[in-house]
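Read through the structure below, which is laid out as structure tokens, and then see the notes.
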């Protein structure tokens with residue numbers, strides 16, 4: 001019998017951000033924040049927010065080149081000379 005496609009896990013499924021933490025993870029996070037009281041025990045823990053840190057997106061190449069030109073960076077000398085030569089080459 002085959003496994004239904006909705007039950008299959010992806011290769012990076014364990015590395016994805018999870019909204020629900022295990023009890024051990026919640027206790028560890030509370031200990032870091034110094035909010036865990038050992039006298040109360042592990043039952044009835046306070047809520048813990050798990051925020052996913054979003055990485056900044058890389059700028060596109062055209063935007064990055066435009067930003068470099070705006071800062072006064074000089075483009076490579078060979079880059080300008082090579083571009084007209086490539087256009088002048090006859091197509092077969």
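The values are calculated or read from the model by the stated rules, or taken from the named source; none is laboratory data. Just so it is clear, the structure is predicted and the values come from calculations on it, not from any experiment. Ideal geometry is used to build each Cβ from the backbone, glycine not excepted, and the neighbour counts take in all protein chains shown.
Could we say that residue 63 is out of contact with any strand residue (DSSP E or B) (no Cβ under 7 Å at 6 or more places or on another chain) and at pLDDT 85 or above here? Steps first, please.
Details: out of contact with any strand residue (DSSP E or B) (no Cβ under 7 Å at 6 or more places or on another chain): yes; at pLDDT 85 or above: no.
Against the criterion (out of contact with any strand residue (DSSP E or B) (no Cβ under 7 Å at 6 or more places or on another chain) and at pLDDT 85 or above), residue 63 does not qualify.
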TODO: Residue by residue through the stretch 1-31, note down the ones that are modelled with pLDDT of 75 or more and within 24 Å of the chain's Cα centre (by Cα).
DONE: 8, 18, 19, 20, 21, 22, 25, 26, 28, 29
Open item on the list: Please pick out the residue among 35, 26 that is surrounded by 10 or more Cβ atoms within 10 Å (Cβ to Cβ) and in a loop (DSSP other than H, G, I, E, B).
Closed with: 35
